[in-house]
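A short write-up of the structure that comes next.
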Amino acid sequence: MTTTIAGKITGVFSISHEKDLDGIVSAAIVRRYANKMRLAHSLMLTDYNVFESDFSAVSSLKNMLIVITDLGFNIKSLDSVLSRLNDAISHGCRLVWLDHHTWPKQCINAIMSLENNPVLKIRTDVCASEIAHRVLMPDDTVSESLAALAHDSDFNLRQSEAANVLNDVVNLLRIFSIEKRQRSTDVLASLVIALSENGLSGVWNEETQRLRDDLLEKRLQNYRRGLLKKMRRALEGHQDMEIHGKLVRIVEIPAGISTTDMGNFLSDPENLRSDGGQLSIADLLITLGPTGLLGFRRGNESVLCHKAAQLFDGGGHPYAAGGEYGIYSDFEAACSDIFYVLSTDKNWIQSSTSSDDSESKE
Ligand SMILES: [Mn+2]
């Protein structure tokens, strides 16, 4: 596509997801592309709750290559998104949209029917950074390794300490921007720039396993200490119940902690140790978030998380799933409800005939 950009394009306007490492790395790859093409580069990081209002800036763009990464949109925003893009395209802009979320057919058709040859690449089996690398910078090894980093984070593989660290850095900077009422783009732009200039080694010292920026490293350690304290307190308030012979544990997720972080914390036997001794690993682990969302994980392969989640208007995989309890005020009362619903159904437990050999695999 490098040869098909119209001559009058003067810059790249990059719009990416602010919320996680995949969005930040996608933006870094887009910036490498802009540099390679000797085009000016501007950045806007956004999230779904402010996407439509942020997107209004698109209307006034002129002669820009608009590159949107790691963001999808739903039918509800279709008209407003289309009208902004139509404005921009009538001012000589072109659109490239790269995403890995599931799109409604109607939205795909609407984007593809825009003028000026829009590019829309959606794949759900990889992360957005990997799509950006393949579409924009296929021969660039820095983009390739950045995309691998985002993959580790997005798929929660946790094989790269650097990915874990950068994910926490993105979160801590986002929270800082909310608390200080600053634009997330202003707070996160230097990270995007550092990653795009020198790849991971621009921000991370592989030898010492620390961030190159000492102050940021200090802020990271404080942030992680705060997270641990919150998660330990949440674990202390856990509710356990044996249902159909399985140990079911519910833990309340404190504000500011992601379901992934909480789930990872609770699945590590190291964290289940307290002064009172060692908590056993639950067969079914349920997290209840502040807005009533439920996360399901298992410590035993005879448990089917997606079947449990189906009892709460959700679904997912046998090993992890999500559902919804709804707004609640009393955690213990909510737990009793959840335990009761699970007691009324046995489909979330695999029949015992094959469980012996499958259990040993986990
Ligand atoms: Mn993503």
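The values are calculated or read from the model by the stated rules, or taken from the named source; none is laboratory data. What you see is a predicted model, and the numbers here were worked out from it, not measured in a lab. Here the Cβ is made from the backbone with ideal geometry for all residues, glycine too, and neighbour counts use every protein chain on show.
Numbers below:
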read-out	value
Strands (runs of 3 or more DSSP E) lying entirely in the range 222-332 (those with 1 or more residues that are within 24 Å of residue 155 (Cβ to Cβ))	246-252, 284-288, 293-298, 320-324
Residue count, the range 9-25 (criterion: in a loop (DSSP other than H, G, I, E, B) and either over 24 Å from residue 89 (Cβ atoms) or within 16 Å of the ligand (Cβ to nearest atom) (or both))	3
The range 35-47: number of residues that are touching a helix residue (DSSP H, G or I) at 6+ places or on another chain (Cβ under 9 Å) and either assigned to a helix (DSSP H, G or I) or aliphatic (A, V, I, L, M) (or both)	7
Selected residue (criterion: surrounded by the fewest Cβ atoms within 10 Å (Cβ to Cβ)) from residues of the range 288-344 that are of a type in the set (Asp, Glu) and in contact (Cβ under 8 Å) with a residue 12 or more places away in the chain	332
Selected residue (criterion: nearest to the ligand (Cβ to nearest atom)) from residues of the range 155-169 that are in contact (Cβ under 8 Å) with a residue 24 or more places away in the chain and surrounded by fewer than 23 Cβ atoms within 10 Å (Cβ to Cβ)	155
For residue 28: the one exception among (1) small (Gly, Ala, Ser); (2) part of a helix (DSSP H, G or I); (3) modelled with pLDDT of 95 or more; (4) away from the ligand (no atom under 16 Å from the Cβ)	(4)
Of all residues making up the range 73-99, the number that are assigned to a loop (DSSP other than H, G, I, E, B) and either touching a Leu at 6+ places or on another chain (Cβ under 7 Å) or in contact (Cβ under 8 Å) with a residue 40 or more places away in the chain (or both)	3
Selected residue (criterion: nearest to the chain's Cα centre (by Cα)) from residues of the range 103-131 that are in a loop (DSSP other than H, G, I, E, B) and crowded, with 16+ Cβ neighbours inside 10 Å	127
Among (1) in contact (Cβ under 8 Å) with a residue 60 or more places away in the chain; (2) more than 26 Å from residue 279 (Cβ to Cβ) - the single one residue 248 does not satisfy	(2)
Any hit, the range 226-245, residues being without any contact (Cβ under 8 Å) to a residue 12 or more places away in the chain, buried (at least 17 other Cβ atoms within 10 Å of the Cβ) and among the hydrophobic types (A, V, I, L, M, F, W, C)	no
